[in-house]
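Q: The structure follows.
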Amino acid sequence: MFIVSSFIASCVSAGVSDLSSRSGQIAIINKDDLYVVSATGPNITYYASRPDKDFTPLLTPDGKSVVYVEQFRRLVRKPLDGGPIKELLRVAGFPGPGAMTFLPNGELFFLDTRSNGKRYFVTLNADTGVISQQVEDIDQVFVTANALKLKTSAPGAPLTAARLVADTPGQFKVVFQAKQYYYLYSAEADGLVFNGALPRVLGQQDQILLANRVEDDVTSGLLTADGNYLILREKAGIPAGSAQSLVAIDLTSDAAPVVLLKDIPAPQPIHYAVAPAGDRVAFEEVVNGQPQIRIYDLSTSQSTTLGPGAIEPEWWK
């Protein structure tokens, strides 16, 4: 007998991060397969074999359908009442990694950051598949840290796989770097709003930093809540990639990037957190052999070093 509660518990304990819960249903990928199950009983509502794991599945806001990228590279919506699958987008080439989330107006935001083709995003109607916005030829993608729902193994663990959350207007902001410019979008009540190009122009130093980005995913470069600063993990050291650095870039000016941490031996993770409000970042650094928590205010360039131990839940206030 398949026990759903034990199944879900085993998924969570194993570090599964692609879990979506709405209206008493849970969508989750376990190993290679997608399950939609009841949150309260031993019922499997829907099963799909071998979905594209580079895109975490989503339940629609009304909880009546599941949206995912299936094994044939189609973005689809499957009604949980047994209705037929609806193709929303046929993804060209080899998609992923990427991310998707529902915007406050109910539209679906779909981002494809594949490394073997042009990065792009679309916003579309999840019922009809009609696209309202599409932007291509994106070089780099960065999202606000407070729009990420992360599953980590322990407090202070490094950032891992993430789900984007944009239910609240203004919560989700995204910066796209294309050629010499950074472009800011925000999820508002009427959908994804283009806020224009940011003042910073991509110079040689920025090009080097972005080329050395540790990984091409949503967690290796995070924005502060207002979208003004970018916190970037970059490869460093000799030979290249033998160490990591943590760098802050002011997107509102052409000021030189600030190195918060440097020469962290790879693959040792960098432990850091971006405040859900304001322009502060907290990170762990080793001082005289002892780990310390340091809080840096990006707007004032002031820092505070705390003693060892876990960060307080509201450390940014």
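Q: Taking the beta-carbon count within 10 Å as an exposure proxy, list 143, 214, 259 from fewest neighbours to most. Walk me through the numbers before you get to the answer.
A: Working: 143 24, 214 21, 259 13.
Taking fewest neighbouring Cβ atoms as first place, the list is 259, 214, 143.
Q: Also, quick follow-up: Can you list residues from other chains, or at least 5 along the same chain, whose modelled amide H is less than 5 Å from the amide H of residue 228?
A: Here the answer is none, since no amide H 5 or more places off falls under 5 Å of that of residue 228.
Q: Here is a follow-up. Could you list which residues have their amide H under 5 Å from that of residue 113, counting only those 5 or more apart in sequence or on another chain, with H placed in the peptide plane?
A: Here the answer is 96, 98, 99, since their amide H atoms fall under 5 Å of that of residue 113.
Q: Mind listing the long-range amide H neighbours of residue 183? Cut-off is under 5 Å, sequence gap 5 or more, other chains count too, H placed in the peptide plane at 1.01 Å from N.
A: Long-range HN contacts for residue 183: 176, 177, 178, 198.
Q: Now for a separate question. Check cross-link reach from residue 235 to the aspartates and glutamates: straight Cα distance under 13 Å, and skip same-chain residues fewer than eight apart.
A: Result set, ordered by chain and number: 215, 216, 263.
Q: Where the centroid of each part is defined by its Cα atoms, how far is the range 24-61 from the range 234-282 in Å?
A: Measuring centre to centre over Cα atoms gives 35 Å.
Q: Also, quick follow-up: P(r) for the range 224-276, please, calculated from all Cα pair distances in 10 Å bins and given in %.
A: Calculated over all Cα pairs of the range 224-276, the distribution is 24, 48, 25, 3 percent.
Q: Now for a different question. Determine, from the Cβ-Cβ distance of residue 50 and residue 299 and an R0 of 35 Å, the FRET efficiency 1/(1 + (r/R0)^6), rounded to the nearest 0.05.
A: 0.15
Q: Further, regarding this structure: Using the number of other C-beta atoms within 10 angstrom as an exposure proxy, rank 107, 70 with the fewest first.
A: Ascending Cβ contact count within 10 Å gives the list 70, 107.
Q: Further question: Based on the Cβ-Cβ distance from residue 286 to residue 201, what FRET efficiency comes out when R0 is 30 Å, to the nearest 0.05?
A: Values: r = 35 Å, r/R0 = 1.18.
The computed FRET efficiency comes out at 0.25.
Laboratory data are not the source of any read-out in this text; all were calculated from the coordinates shown. Keep in mind the model is a prediction, meaning the values are calculated, not measured. In this analysis, Cβ positions are derived from the backbone assuming ideal geometry, glycine residues included, and neighbour counts consider all displayed protein chains.
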